[in-house]
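Reading through the C-alpha cells given below for one structure.
Every number in this text was worked out from the coordinates using simple rules, so none of it is lab data. Computed from a prediction, not measured in an experiment: that's the story for all the values here. Positions of Cβ are backbone-derived with ideal geometry, glycine not excepted, and every protein chain shown enters the neighbour counts.
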Amino acid sequence: MCRDDRPEVQCWTSYWDLPYGPVSLPVKGSAGKTGDWRTFTPVVNNENCIKCYFCYMYCPEGTISVNDETGFVKIDYDYCKGCGICAKNCPKECISMEKMSK
C-alpha cells in the first residue's frame with residue numbers, strides 16, 4: 001500500500017467540529033518536563049519508517065511532531081515521558097526503547 005492508496009483521514013478545523021462523545025486531545029507537556037526522570041527513551045530508525053504516523057497519533061503527551069520537509073517524525077525529549085506507546089504501535093518496529101544512562 002502506498003501513501004496515495006491510504007484511506008482519507010477525517011480532519012476537523014476546531015474542537016467544536018468534533019463529533020459528540022468522549023475526546024482526549026494530547027497537550028504537549030501535560031506531565032511537565034520529564035527529561036530528568038524518564039527511564040527509557042524512544043529512538044526512531046528513519047531507514048525503516050514508512051511514515052504511517054501511528055506514533056504521532058498514539059503519543060499521549062503530544063511530544064511527537066512531523067518534519068514538514070522530510071516527513072519523518074521528531075520526538076521532543078524535554079516532554080517525552082518514555083512510556084513506549086509509540087514503539088508498541090509502530091507497525092514496522094522502527095522505534096526502540098533504549099534505557100537511559102545516568
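Phi angles of the range 75-80 translate, via the Karplus equation with coefficients 6.51, -1.76, 1.60 and θ = phi - 60°, into HN-Hα couplings of 10, 8, 6, 5, 10, 5 Hz per residue; Gly and Pro are given as x. The mean of 1/r over all pairs of different alpha-carbon atoms in the range 28-102, once inverted, gives a Kirkwood hydrodynamic radius of 12.4 Å.
Applying 1/(1 + (r/R0)^6) with r as the Cβ-Cβ distance of Glu47 and Asn67 and R0 = 22 angstrom yields a FRET efficiency of 0.90. Restricting the GluC sites (Glu not before Pro) of the range 51-101 to loop positions (DSSP other than H, G, I, E, B) with no more than 13 neighbouring Cβ atoms within 10 Å leaves Glu69, Glu93.
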